[in-house]
Amino acid sequence: MMSQLFLLIPTGRWLLLGLLLGLTAASGWAQPCPLQLDSLSSGTYPSDCLLTFADSTGQLTPRQLDLSQFKPVGTTQPNFGTDGLTHWLTFTCQNAAKQAHQFVLEVDIVYADEMSFYVLDGQRISYQIEHDSWHVPLWKRSIPSRYFAFPLNLTPGQTVRVLLRAQEEGGTLITPIHIWERSAYELYYSTETNILILPAIILLFLTVVGLGVFIVSRNLIWLFYAVHAFGTAVYNLNIEGVLAHYLPDPFNTIKGYALGVSLSYMANLLFTQQYVYKRLPKPIGWLRWATYGLIGVQATWFLYLLVMPFQDHTADVALLITGITAAFMLMYLLTCLAKGSDEARIYLLAIAPFLLIVLVRVLDSAGILETQDWHYYLRYYAPLFEIIVLGIGATRQLIHEREATLIQLGNTQKEVILTQETERRRIAQDLHDDVGTSLLALRGKLPPASEEAYELINQIIANVRTVSHNLMPDELTMLGLGGALAETAERLGAASGIRFLFVSAGEVIPLPQVKELAIYRAVLELMHNVVRHSGATEAVVQLVYHPDGLNIMVEDNGHGFGNHKADSASGIGLKNVASRTEWLGGRMAIDTSVRGTTIRLDVPYT
């Protein structure tokens, strides 16, 4: 997922504190502090008061700090990179209200190897929390939070110095600090959790949907879609600290985000090959092999992350590989778009929010646009938007493929039926012209006294004429569908002893000859089934012309199918009827019991 490019990994080890409030003047500081706090404090950031110091030894305590070595931060989100050093941060604040207040200081990061918090009231450390880290379970923290949150309780007018000590050995250390009134923080944290976790929940749901569609359709594109959604969900849940507290290794570690990104990109590249590349009018060889090469790089990187520890350089390498893959994906889509790919156009729409994130970052770096909260939330919802749009695109493609398959199947069925009819006509003609003529010649050569032979020859001639007639019914052309079925019902009734009743209703709407022939064959098969298998004494054949389609019903009072279930109708004859009905675009329904069987065919006119 392209918006995963902006991952930043925080950490910390020992957090700061130190010194007396009176040392401020002695150290020659000139700062617009203390930071004024009151009941309205809602995410206040001490940007003008915040100072930092890098402890290269990692051994200093709050009382050993020299405040003159601290320097202003000059940013709302101090970024110390991946140097692995211990960094101290400090500022002063005052309760400007006339009553005591409970505040919360939040360092808005999840992963820090160590984070310590100190409150200095004059020369005395009035409160401290040491050796907090992302390994500490939520229920053991002073404030249950996925981020680092510390209580800051102040009496009316009280001024204190806050020290933080942060250290991260295996990733990027960023320390955005906010101060909240306690009740405001609890509301904020609850709301923020819902906003940021919701995309991951939806992504996990889409993962299940993708796997379900893959199992049903056996189309690999849906397997890649599901893995893409799952990898993105792992990324989101990891950077929000959910996996850190609830899953085992390796996805509960700081490298879980990189595993999720790599897994997502591998599936994304494979998905793109299925969704975009295979639909190109003309293949682009170098693009195909470049894609598979990058998939190999991502697979190798994924395996490396699984078995190797997450070191200082790992985050930089992860960001580099992610950036290269994102740039390649954009080039890939633009290349396919230039070749007229409609799928590439849909994919570019899917990543539009990501491109907006890039634009905002560029404008923010240039000082043209100040980053807003919605820019931050967008990096969670941009991947969700991408995967939803890709899911819609893949569904649209699946529907088009199914429609094309059905059209091809319909054409094949039509060719089979037309071939069958051609062959039937040839056989009927041969029976009539060759076999019938030969039998007549044979009858003429029989001696006059051979009455039994005459009767047998006459019966054979009659049977040949019946077979020839059934193979090529002339009355269908002369009488139409209704007349042909009526005559057939009368003939079968006379031959079988079953009382056939034919009923036609509605205004007759002529159909193309090939369709009427297919209907005639289907109904004839059903009538023969009544004669051969039903054990009935009566049967009804109904032909009802409705405004939107033709309804055919064949009923009998026989013993029904053996187990009284429609799926018992597995004979070749009924399969042929079902096949012809499907080719006609209609539906076949069977209702059977010991009291008889009803088979209904609904055929549209178009």
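The values are calculated or read from the model by the stated rules, or taken from the named source; none is laboratory data. Note that the coordinates shown come from a computational prediction; the quantities given were computed from them, not determined experimentally. Positions of Cβ are generated from backbone atoms using ideal geometry, with glycine treated the same way; all protein chains shown enter the neighbour counts. Ligands, DNA and RNA are excluded from the accessible area calculation, which covers all protein heavy atoms including side chains. Shrake-Rupley method; radii C 1.70, N 1.55, O 1.52, S 1.80 Å.
Site pair residue 398 and residue 352 shows an inter-label distance of 2.4 nm when each label is modelled 7 Å from Cα along Cα→Cβ. Treating r as the C-beta distance of residue 361 and residue 100 and R0 as 41 Å, the FRET efficiency rounds to 0.50.
From the alpha carbon centroid of segment 152-222 to that of segment 311-354 is 25 Å.
With every protein chain left in place, what is the accessible area per residue of segment 118-196 in square angstrom, probe 1.4 Å?
I get 39 Å² per residue for this part.
Computed in the context of the full set of protein chains, the accessible area of segment 259-415 at 1.4 Å probe radius has 67% of its extent on carbon or sulfur. On the basis of the beta-carbon distance and an R0 of 22 Å, residue 499 and residue 479 show a calculated FRET efficiency of 0.55.
Probing with 1.4 Å while keeping every protein chain in the model, the per residue accessible area of segment 290-404 equals 51 Å².
Shape analysis of segment 31-175 yields a ratio of the Cα radius of gyration to the Kirkwood radius, Rg/Rh, of 0.94. A Förster radius of 35 Å combined with the Cβ-Cβ distance from residue 462 to residue 598 puts the calculated FRET efficiency at roughly 0.60. In segment 131-183 the Cα-Cα distances spread across 10 Å bins starting at 0 as 17, 48, 29, 6, 0 percent of all pairs. Note on segment 189-408: Cα convex hull, mean projected area over all directions, 14.1 nm². Residues of segment 160-184 with amide nitrogen under 14 Å from the 7 Å Cα-to-Cβ point of residue 83? Residues 166-169, 172-175 fall inside that zone.
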